[in-house]
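Asks: This structure is in structure tokens; I'll ask about it shortly.
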Amino acid sequence: MHISRAKYFCYRNLKEVNIEFTGGVNVLWGLNGQGKSNILEGIYYFARGRSFRGAKDRDLIMFGEQGAACEIEFCKDKSAGAPPSSLKTEIPLSGRKKLMRNGAQLRGSAEMLGSFRAVLFCPSHLSIVNGGPAERRSFIDIAIAQSSADYVYYLSNYRRFLSERNALLKRYASGKSVPREEWETYAEQLSMAAAEIYASRSSYCNQLTGDVKKYFSEMTNGAEDPCLEYVALSGEKADSEGGESPPSLDILQDKLMSNIEREAAAGSTLWGPHKDDIKITINGKAARIFASQGQQRSIALAMKLAEGEISKRVTGEYPVFLLDDVFSELDENRRKYIMEELSGRQIIVTSCEPSVVPSDGSGSGAKYFEVSGGRIADCSQET
């Protein structure tokens, strides 16, 4: 998969921008605050369904304007010669946003997910390793959702049931009566969705482990052994071979029915996939606590490379790789390694300097864009 064009209108500081990308390496360079990350944000919006910076849609509108729009044109590798597909979002200052695929309006972000796939890596993704469980859950949910419509469906249902049950707990805590049948209904609905989420996450984590071991070993010359384990519900670890059926259904139903008073006191549901985690270790020690920043960065990078590899196995083609100011924090050897691993795939890199691409030939034929004040100048040159 590769993106051929991105268009922006009053998006952040991008007043009216039209960028044509090459299918190989693309470098967006310029000083900080000029709009480089905004360009990647707009592209990744169509892979995730919202801003990767946590911004609300209205925050994407240029100050003083009544709305914003962003559009991408892209092709799938296996459909060479076919016309490009397009995705577009129109965000008004007031009212609901519009999402369109090939000109036809979609019902929402869930219907769009999977149309365009991308892997994003930026410095903040170090939190996948050293942050809390929510960071790792977000990573795995975004990765799976881009390749599985069923997962999007179950995750959406789970979140809706969870929100409704939390409201029910607060109503119960205020002294209002709730029939046992209503608790049982929510326990059953949550457990059924949770079982599917658990199965998908644990299977993905098993695949992830093998690829992460490979990439991390190559970056560290095999000196250290990373391990990823999916820990679910009340502390169970996923079967490392993926051979057992997920225990979520019975365990979660029991937890939800036998701890209502405790959950009412807490004001929220205390068990379920929204509490799961991925345990990451290096040589048996928790990477979040004991790994150096360099080790944590290498693990996070290996996880992102593995995300792209799994996407290729599932869909038959590589996603687009978006690297937001990543190379500035890596040494020359790590840069070369990334360029070698991503050879033959589309990469869009942001940097303060155009020389960020290694000078060993791996970035040969790269296309360069200077970004300044929300304006783009194509200044392509051979490295």
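Asks: How high is the relative contact order of the chain, in percent, with contacts defined as C-alpha pairs under 8 Å that are six or more residues apart?
Replies: RCO, the chain: 25 percent.
Asks: A further question follows. With a Förster radius of 35 Å, plug the Cβ-Cβ distance of Ser156 and Ser292 into 1/(1 + (r/R0)^6) and report the FRET value to the nearest 0.05. Intermediate values should be presented prior to the final figure.
Replies: Working: r = 38 Å, r/R0 = 1.10.
Approximately 0.35, to the nearest 0.05.
Asks: When the dipole is taken about the Cα centre of the chain, and only Lys, Arg (+1) and Asp, Glu (-1) are charged at their Cβ, what size is it in debye, to the nearest 20?
Replies: 1060
Asks: Using θ = phi - 60° and the Karplus form 6.51 cos²θ - 1.76 cosθ + 1.60, what ³J(HN,Hα) does each residue of segment 261-266 get, whole Hz, x for Gly and Pro?
Replies: Ordered by residue, 3J(HN,Hα) equals 4, 5, 5, 4, 5, 7 Hz.
Asks: Further, regarding this structure: With the cut-off at 1.5 for a/c, could you classify segment 140-182 from its C-alpha gyration tensor as rounded, prolate or oblate?
Replies: Because a/c hits 1.5 or more and a/b exceeds b/c, segment 140-182 counts as prolate.
Asks: Grab the eigenvalues of the alpha-carbon gyration tensor for segment 131-235, scale each by 5, take roots, and send me the semi-axes largest first in whole angstrom.
Replies: In descending order, the three semi-axes are 36, 15, 11 Å.
Asks: PRE reach from Ala265 (point 7 Å along Cα→Cβ): which of segment 172-193 fall under 14 Å by backbone N?
Replies: What the label zone holds, given the 14 Å backbone N cut-off, is 173.
Asks: Taking the Cα centre of segment 306-358 as origin, work out the dipole magnitude from +1 charges on Lys and Arg Cβ and -1 charges on Asp and Glu Cβ, in debye rounded to 20.
Replies: The dipole magnitude comes to about 240 debye.
Asks: Sticking with this one: Would you kindly compute the Cα radius of gyration of segment 243-338 and its largest Cα-Cα separation (Dmax), both in Å?
Replies: According to the Cα coordinates of segment 243-338, Rg and Dmax are 19.7, 56 Å.
Asks: Among Phe161, Gln66, Cys205, which residue has its Cα furthest toward the positive end of the charge dipole of the chain, with +1 on Lys/Arg Cβ and -1 on Asp/Glu Cβ?
Replies: Value computed over the given set: Gln66.
Asks: Okay, moving on. Long-range amide H contacts for Tyr368: which residues qualify at under 5 Å (H placed 1.01 Å from N, peptide plane, sequence gap of 5 or more or a different chain)?
Replies: For Tyr368, the qualifying residues are Val27, Cys379, Ser380, Gln381.
Asks: May I have the pair-distance distribution P(r) for segment 1-65, computed from all Cα-Cα distances with 10 Å bins from 0 and rounded to whole percent?
Replies: 19, 55, 25, 2
Asks: Counting helices only, and only those DSSP H runs with n ≥ 4, report the 222 nm mean residue ellipticity of the chain as the sum of -39,500 (n - 2.57) divided by its residues, in deg cm²/dmol to the nearest 500.
Replies: -13000 deg cm²/dmol
Asks: Place +1 on the Cβ of every Lys and Arg and -1 on the Cβ of every Asp and Glu in the chain, take the dipole about the Cα centre, and give the residue among Gly316, Thr185, Ser343 whose Cα lies farthest towards its positive end.
Replies: About the Cα centre, the residue reaching furthest to the positive side is Thr185.
Asks: Give me the angle, in degrees from 0 to 90, between the Cα long axis of helix 332-341 and the longest principal axis of the Cα atoms of the chain, rounded to the nearest 10.
Replies: Value to nearest ten degrees: 80.
Asks: Could you give me the ³J(HN,Hα) list for segment 23-36, computed from phi with Karplus coefficients 6.51, -1.76, 1.60 and θ = phi - 60°, whole Hz, x at Gly and Pro?
Replies: x, x, 9, 10, 10, 9, 10, x, 5, 5, x, 9, x, 4
Asks: Which one of Tyr368, Tyr158, Tyr186 has the biggest mean-square fluctuation once the chain is modelled by GNM with Cα springs under 10 Å?
Replies: Tyr186
Asks: Accessible area, 1.4 Å probe, largest first: how do Leu228, Leu249 sort?
Replies: Numbers: Leu228 10, Leu249 65 Å².
Ranking Leu228, Leu249 by accessible area, largest first, yields Leu249, Leu228.
Asks: On a 1.4 Å probe surface of the protein chains, which of Met257, Met339 comes out largest in accessible area, and what is the full order?
Replies: Met257, Met339
Asks: What list of ³J(HN,Hα) couplings, whole Hz, do you get for segment 288-297 from phi and the Karplus terms 6.51, -1.76, 1.60, once you set θ to phi - 60° and write x for glycine and proline?
Replies: Per residue, the Karplus-derived 3J(HN,Hα) values read 4, 9, 9, 6, 6, 4, x, 5, 5, 5 Hz.
Asks: With a 10 Å cut-off between alpha carbons and a GNM built on the chain, which of Lys97, Lys367, Lys176 moves the most?
Replies: Among Lys97, Lys367, Lys176, the largest GNM mean-square fluctuation belongs to Lys176.
Asks: Here's something else I'd like to know. May I have the pair-distance distribution P(r) for segment 89-185, computed from all Cα-Cα distances with 5 Å bins from 0 and rounded to whole percent?
Replies: The percentages, shortest bin first, are 2, 10, 13, 14, 15, 17, 13, 9, 5, 2, 0.
Asks: Right, something else. Report the residue, chosen from Ala82, Ala167, Ala68, that carries the largest GNM mean-square fluctuation when the chain is represented by alpha-carbon nodes joined by springs under 10 Å.
Replies: Largest GNM mean-square fluctuation: Ala82.
Asks: Residue farthest toward the positive end of the dipole of the chain, with Cβ of Lys/Arg at +1 and Asp/Glu at -1: which of Leu120, Leu87, Leu270?
Replies: Towards the positive end, the residue furthest out is Leu87.
The values are calculated or read from the model by the stated rules, or taken from the named source; none is laboratory data. It should be emphasised that the depicted structure is a prediction, and the values quoted were computed from it without experimental measurement. Cβ atoms come from the backbone with ideal geometry, glycine included; neighbour counts cover every protein chain shown. When the accessible area is computed, the model is the full protein with side chains, heavy atoms only, and any ligands, DNA or RNA have been set aside. Shrake-Rupley method; radii C 1.70, N 1.55, O 1.52, S 1.80 Å.
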